[in-house]
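The values are calculated or read from the model by the stated rules, or taken from the named source; none is laboratory data. Since this is a predicted model, take the numbers as computed values, not measurements. Neighbour counts run over all protein chains shown; Cβ positions are idealised from the backbone, glycine included.
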Amino acid sequence: MYPVAARFGEFTIATHDLFSVLGLVVGFAIYYRELRRRGWLEPRIVWISLAAVFGAVIGSRVATAWERPDWWLAYDALPLTQALEVSGKSIIGAIAGGYLAIAASKRWLGYRRSTGDAYAMAIPVATAIGRIGCFLSELPLGTPTTLPWGVRVDPAAAASFAACPGCGQPMHPTMLYEIGFNLVAAVLIWRFRSRVPAPGDALKLYLLAAATFRFLVEYIRTSPPQALGLTAPQWVLVPILSLLVLHFARQVRRGAWRVPVPPAAYVGVRP
């Protein structure tokens, strides 16, 4: 494990934070390139983008209070700002917080254009980069497995974590699974996004697939089960998945995905 990427005297760069920032920078570069390609760049987009970053940061931190309350209980004696810094981050919370911030800022600014498709490529690429930092610096990786690609970690690295169930055995490299999923998603979006007829639905298709994938991966992660045997991230994903399924059901009823029938070839007498 490599929790520290670099040290410069007393200044330390954490591996997780380094890849989180790198993912954010690359994601926004892809997003702004897509905005420029579509001719959508304007001052309001800058404010909406800043709101997205703010919402994602807050959402990623606050969601851990529900996903992993044990982390917060360990820091109950710290000031709130310091507890937020060390309590971990949630990708699910970041996406949800960013989405809500975008919706709120658009309403406040009177911006009506759907910009979701501009994020469709940026989010999976940024997520894949961020997950590299998770894989290099977080334990446990997943539940124990007998599969040939199970990953073992050095006992000294495992000992540096307060709890590391399964670290004495090969573990599912769940972060690598998520990296692979997001890279495949990015390729598919790049190849087929122009075939999605409804504005904003390319992003929603990705979110539906990503939420379903993460729901299933939770069964081989080590998040403690909550109500009905589901983990906290799974309970967060249930309403997200429900809303996305309802959205696409409405789209089908409205005929938003119906491809127009091409006009019949004209057959007549040449004048």
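Observations on the model:
- Test result for VAL238, touching a helix residue (DSSP H, G or I) at 6+ places or on another chain (Cβ under 9 Å) and closer than 18 Å to ILE91 by Cβ: yes
- Looking only at the stretch 107-119, and only at residues there that are touching a residue at least 40 places away in the same chain (Cβ under 8 Å) and closer than 19 Å to ALA198 by Cα, the one that is surrounded by the most Cβ atoms within 10 Å (Cβ to Cβ): TYR119
- Filtered by the rule that a residue be in contact with a Ser or Thr (Cβ under 9 Å, 6 or more places away or on another chain) and among the hydrophobic types (A, V, I, L, M, F, W, C), the stretch 204-229 gives ALA210, VAL217, ILE220.
- The residue that is surrounded by the fewest Cβ atoms within 10 Å (Cβ to Cβ), among those in the stretch 182-223 that are in contact with a Lys or Arg (Cβ under 8 Å, 6 or more places away or on another chain) and closer than 24 Å to PRO170 by Cα, is SER223.
- Residue in the stretch 171-191 that is of a type in the set (Ser, Thr, Tyr), closer than 27 Å to ALA52 by Cβ and at pLDDT below 90 present: no
- Positions within the stretch 194-229 being in contact with a Phe, Trp or Tyr (Cβ under 9 Å, 6 or more places away or on another chain), farther than 24 Å from ASP117 by Cβ and not polar (S, T, N, Q), in sequence order: VAL217, ILE220, ALA227, LEU228
- Test for ILE30: is it at pLDDT 70 or above, more than 14 Å from the chain's Cα centre (by Cα) and surrounded by 16 or more Cβ atoms within 10 Å (Cβ to Cβ): yes
- Only one entry of PRO155, PRO144, PRO165 meets the criterion of being modelled with pLDDT under 90, out of contact with any Ser or Thr (no Cβ under 9 Å at 6 or more places or on another chain) and farther than 25 Å from LEU188 by Cβ, and that entry is PRO155.
- Flag if SER60 is under 22 Å from the mean Cα position of the chain (by Cα) and modelled with pLDDT of 85 or more: no
- Filter result for PHE181 (in contact with a Leu (Cβ under 6 Å, 6 or more places away or on another chain) and of a type outside the set (Lys, Arg)): no
- Being of a type in the set (Ser, Thr, Tyr) and either in a loop (DSSP other than H, G, I, E, B) or surrounded by fewer than 17 Cβ atoms within 10 Å (Cβ to Cβ) (or both) is a condition met by no residue of the stretch 130-140.
- Taken over the stretch 41-57, the criterion of being modelled with pLDDT under 90 and either under 28 Å from GLN234 (Cβ atoms) or of a type in the set (Phe, Trp, Tyr) (or both) is satisfied by ALA52, VAL53, PHE54, GLY55, ALA56, VAL57.
- Within the stretch 229-254, the set of residues being more than 16 Å from ASP201 (Cβ to Cβ) and part of a helix (DSSP H, G or I) comprises GLY229, ALA232, PRO233, GLN234, TRP235, VAL236, LEU237, VAL238, PRO239, SER242.
- Subset of the stretch 150-191 [in a helix (DSSP H, G or I) and more than 22 Å from the chain's Cα centre (by Cα)]: PRO155, ALA156, ALA157, ALA158, ALA159
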